[in-house]
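Derivation of every value follows stated rules applied to the coordinates shown; laboratory data play no part. All figures in this text were calculated on a predicted structure; none of them were measured in a lab. Note that each Cβ is placed from the backbone with ideal geometry, even for glycine, and that neighbours are counted across all protein chains shown.
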Amino acid sequence: MEKHEYQVSLNWKEGRIGEMSSEILPSKIEVATPPEFDNGVPGIWSPEHLYTASVLSCYMTTFLAVADFSKLEFESFDCDAKGILEKVEGKFLMTEIYLKATLKINDIDKSERAERILQKSEAACLISNSIKTKVFLDYNIH
């Protein structure tokens, strides 16, 4: 696979708020310092939310690709993520991300296969493989 580039721009608006955009995407995302920090702004996406969301969205897209390649039929896929921010040796780090996936399949006899695909997807997620944050996966198959 060749190299790919992803261009993102940020414009400061006011206070601790900025707006992210990409010239190839139609929507913009407002971002701010989270309310847990001085002058943080509630109700706006923070870098910490986006960091956690990048792992979550990569896991979903990887799962969809692996499931498609594996011909796994499923009715629904949902996943939640929780990112943990901690101060380690005087620096703030996102130390852990917990993924909680729920997969609904048509044939319960294929639960073990579905479980392997969920696990393989986490192991293959390029964002998880690119960061030093520990990523934990939990799942339910119905």
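Can you list which of the GluC sites (Glu not before Pro) found in segment 1-40 are DSSP loop residues with at most 13 other C-beta atoms within 10 Å?
Working: sites: 2, 5, 14, 19, 23, 30, 36; in loops: 2, 5, 23, 36.
Counting only loop positions with at most 13 other Cβ atoms within 10 Å, the GluC sites (Glu not before Pro) in segment 1-40 are 2, 5, 23, 36.
Sorting 4, 49 on the 10 Å Cβ count, fewest up front, what's the list? Each step should come with its number before you reach the end.
Numbers: 4 5, 49 16.
Least crowded to most crowded, the residues run 4, 49.
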* **Relative contact order (percent, whole number), the chain, Cα cutoff 8 Å, 6+ residue spacing** => 18 percent
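Of 31, 8, 41, how do they rank once you tally other Cβ atoms within 10 Å and put the fewest first? If you can, show how the numbers build up before the last one.
Details: 31 20, 8 10, 41 17.
Fewest to most other Cβ atoms nearby, the residues stand as 8, 41, 31.
Taking the Cα centre of segment 1-45 as the origin, how large is its charge dipole in debye, to the nearest 20, when only Lys and Arg (+1) and Asp and Glu (-1) carry charge on their Cβ atoms? Walk me through the numbers on the way to the answer.
Numbers: 4 positive and 8 negative charges, 10 e Å.
Value, rounded to 20: 40 debye.
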* To do: List the chymotrypsin sites (Phe, Trp or Tyr not before Pro) within segment 1-98 that fall in a DSSP loop (any state other than H, G, I, E or B) and whose Cβ has at most 16 other Cβ atoms within 10 Å.
  => 6, 37
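Which ordering of 1, 20 is given by a fewest-first count of other beta-carbon atoms within 10 Å? Provide the component values of the computation, followed by the final result.
On the way: 1 3, 20 16.
Neighbour counts put them in this order, fewest first: 1, 20.
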* Counting pairs on different chains as well as pairs 8 or more places apart, how many Lys pairs in the chain have Cα atoms under 19 Å apart? -> 17
